[in-house]
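What follows is calculated from the coordinates using simple rules that are stated; it is not laboratory data. These figures come from a predicted structure and were not determined experimentally. For neighbour counting, all protein chains shown are included, and Cβ atoms are generated from backbone atoms with ideal geometry for every residue, glycine included.
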């Protein structure tokens, strides 16, 4: 008579072997696909920087267009350029006590708790080295998520070129309207600072901005039905344009330094 194959031991053996095989397959796929995932992530980063800067050409690849961008790193405390080791990641640095700055409750307008001491900035320069545009990474809390994006300024370091978010989890149709091209089209031409070039004045308001709105150059239409997301956008932009963000760097740049 044949032996019974439906024993508990054999069932467990088959289950274990199946789990091992599946684990090996999944791990191998992850290792094989990782270089492609890294490349796609880098391509997406470049695409979002170019979009914020308003640089596009359907006849050129993203990498070709990105040759117009110079990447530098800035110490937020001094506002000066610094060198970083190969592979430096500001997102990881923001979580490292040796490389980050913890924000007090009063300082943490963007709701992010800590920031990397050193941040990348992206410059579009003329042939003689003058800064024509600067693209700055920004992030902060919305209603449901941390919103990550890029804010681009003209060479006067005050006029907005564009704002775009590449990652967020806000409510589709409400806070998710930060992705709406019509809303993003409102930003170009707006001003960040007043005459003192110190405290950011740009803000989202309830309702729409029109010619009769006082100080309209500093105001952006709020997102309908998404007050908390609108507040989050205001807070994160004002934080990053303030003294704990890029203001020292922008001031140095205005003075011809950095």
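Against the main long axis of the alpha-carbon atoms of the chain, helix 8-53 sits at an angle near 20°. Measuring max minus min along each principal axis, the C-alpha atoms of the stretch 153-219 give extents of 37, 27, 18 Å (largest first). A Förster radius of 35 Å, combined with the Cβ-Cβ distance separating residue 42 from residue 199, puts the computed FRET efficiency at roughly 0.50.
Separation of the stretch 170-208 and the stretch 211-239 by C-alpha centroid, Å? Using only Cα atoms, the two centres lie 5 Å from each other. Ranked by the mean number of other Cβ atoms within 10 Å per residue, highest first, peptides 218-231, 100-113 order as 218-231, 100-113. Over the chain, Cα pairs under 8 Å with separation of 6+ residues give a relative contact order of 16 percent. Compared with the dominant Cα axis of the chain, that is its longest principal axis, helix 227-240 is turned about 70°. Taking 236, 151, 43 in turn, the Gaussian network model of the chain (Cα-Cα springs below 10 Å) assigns the largest fluctuation to 43.
Using the Cβ-Cβ distance between residue 20 and residue 82 with R0 = 51 Å, the FRET efficiency computed as 1/(1 + (r/R0)^6) comes to roughly 0.60. Here the alpha carbons of the stretch 62-254 define both size measures, Rg and Dmax, at 16.4, 51 Å.
Springs join every pair of Cα atoms under 10 Å in this Gaussian network model of the chain, and among 97, 137, 85 the largest mean-square fluctuation is at 85. Convex hull of alpha carbon positions in the stretch 141-258: directionally averaged projected area 7.2 nm².
Using a Debye calculation, one point per C-alpha and no hydration shell, please list log10 I(q)/I(0) for the stretch 1-125 at q = 0.18, 0.20 Å⁻¹ in order. Scattering profile of the stretch 1-125, log10 relative to I(0): -1.11, -1.19.
In this simple spin-label approximation, residue 13 and residue 243 carry label points 7 Å from Cα along the Cα→Cβ vector, and these lie 7.3 nm apart.
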